[in-house]
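Worksheet: one structure, shown below.
Here, each number is a calculation from the coordinates, and none is a lab measurement. Note that the structure is a prediction, hence the values are computed from the model and not measured. Cβ: placed from backbone, ideal geometry, glycine included. Neighbour counts: every protein chain shown.
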């Protein structure tokens, strides 16, 4: 497949010029993993850049869509599942990329205002780690589920993948959105999203652990922010709007007593 | 009755359009489901405002046999009201998600209608006579003193204006935690199934206080959830068989004889993914939005975002037929994802003889595919061509290169005008197409 890489790149270029939209639809046609090789062959081919650009765009939109909901209206579970599976896929894609073949400039140029907002949150909470790279380094671990909330905190001195090492300094300075995703975002976003209200049968078990689906929305968002101790890593905008049923009880208690 | 279009057979022509012409469309007026009854005499629509409107086919006049009868409003009623779930602090919309007719058993008609949570069984009956001449009650309805009644009078039935009454006969509530996406009456005519995102329940039409959970794909840990149920339907002849489709593009066929809980499927239909067309949107566009058995029960049809597939129940590894509905959108998926259109749920339907299928698209276009000739056609539901008996002109979307005359470019398609719901008369070439708040009825014009 990659032998035909040159041709494909041309078609990508053409499409890019034609409509100014990232042509990663074409680019995305190649299965994961092979892109790295393409990157090595030709540095950062425009086509690969556009793939990254689109990935970034899709990622930004994904997060935005997961945040954007109508208070008081139940979200479509189908839509949420599809969005989160897309997030997972992007995550996988990024891991297989090893974060080594793209430049921060490319990534940032494609960033949606909303995802940038999230990135800023990330900036507040993290030191100069390069989680994306660090995680790429733990290739042996990469078999484990990428979304496990029990991910150990990333250490700055984690062994680095060879591919990513040349660009590591650039990444850590730029606080790249990829790093944000592979380290914090998925875990923390999901941690803050709550399904407990969905569960009529099994409330206790559902509210205990971190939850994945943004299926319910609190009308108590403001109170939540005021009362709730910000004990999570990132006080992201998602968090301000979502909470679980236990905390609702807690708030009710406070309100009733006052 | 082959003939999707053009050719020698016949052409589709405009018959009627229902609904306001106003440019401003009230959200509540948007049609959310369309369904013919088993004879085709009645056509029901449900809307986002929770109303059900039933149209009846007027008998064609004997003097003008070339003119087919029209569908006129027969009954309108409020099926569902908006509700509020106080436990979850969530609104429950009144929007009618699905309507399914029951086979007619007597003079009355019955249908099931559902919103996200509650299914209702409605009886639609006619009354054109009333009993007159009771002397047990006063004119204002109070019982008269028995001692003052000196003679026995037999009431007589007097003709009156035809009145169509819709009355709720059963309410099937509190069985679905998630959104109901499908209901399907079983071929035993006694039971039906209802499916939400994660579960399928089996009900008896007479019993409202219990249902049997026959499929439950909810994982113990919701973090592991990667797939939801998108549609489900009972087999048209075998009352123990049903299918359900998923957001991953697969279809599972279950046999209720195998076990009470059909978590293990009997058949699993899946087409291997083409690696050359893989993208970030692969899963979203492969999500199945509708599944329908053919009338014969031999085939089933599934609709995903870009295509319609016909599966032989005896072959699980790939569909026997695949029809592209709007392949030109493949290069636009990013924008369609951005504006949320990619999550639209298009439905599909068979014609009466299973020889043709129909499904919707954007820009008020809808598509028909003739399974025998492999011909396909794109038609448009629009006010412009809605003159009586006007023949529908086939429409074409230019796909790259130069745009020919009469073609429309992909960029000028209106993605707010989408045809999600269509229905095909069970016997005749009459179709009903829901375009936002308008219902178009088209029929064949025999040359």
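Note on residue B:240 and residue B:173: the extension gain reaches 21.7 nm, defined as 0.36 nm multiplied by sequence separation minus the Cα-Cα distance.
Considering every residue in B:112-120, what mean count of other chain Cβ atoms within 10 Å of its Cβ is obtained?
Per residue, the number of nearby Cβ atoms from other chains is 0 on average.
The mean number of partner chain beta-carbon atoms within 10 angstrom of a residue's beta-carbon across peptide B:332-340 is 4. Per residue of chain B, the DSSP helices (runs of n ≥ 4 H) give a summed -39500 (n - 2.57) that works out to -500 deg cm²/dmol at 222 nm. Available extension along the chain between residue B:409 and residue B:204 is 68.8 nm, counting 0.36 nm per residue and deducting the alpha carbon span. From most to least packed by mean Cβ count within 10 Å, the peptides B:316-325, B:424-433 give B:424-433, B:316-325. Look at the stretch B:239-246: the mean tally of other chain Cβ atoms within 10 Å of its residues' Cβ atoms is 0.
Here residue B:23 and residue B:125 are evaluated by their C-beta separation; at R0 = 41 Å the FRET efficiency comes out at 0.65. Length gained on full extension, residue B:143 to residue B:91: 14.3 nm, using 0.36 nm per residue less the C-alpha separation.
At q = 0.13, 0.31 Å⁻¹, work out log10 I(q)/I(0) for region A:49-98 with the Debye formula, treating every Cα as an identical point scatterer and leaving solvent out; two decimals please. Listed by q, the Debye log ratios stand at -0.35, -1.19. Would chain B count as rounded, prolate or oblate if I go by the C-alpha gyration tensor, calling it rounded below 1.5 in a/c and otherwise prolate when a/b exceeds b/c, oblate otherwise? Oblate, since a/c reaches 1.5 and b/c is not below a/b. Using the average count of surrounding beta-carbon atoms within 10 Å as a protection proxy, the listed peptides B:329-336, B:134-141, B:220-227, A:57-64 rank, highest first, as A:57-64, B:329-336, B:220-227, B:134-141.
Mean sequence separation of contacting Cα pairs (under 8 Å, at least six apart), scaled by the length of chain B, corresponds to a relative contact order of 15 percent. If you wrap region B:183-238 in the convex hull of its Cα atoms and look at it from every side, the mean projected area works out to 4.3 nm². For region B:212-351, the pair-distance distribution built from all alpha carbon pairs, in bins 10 Å wide starting at 0, is 11, 41, 33, 14, 1 percent.
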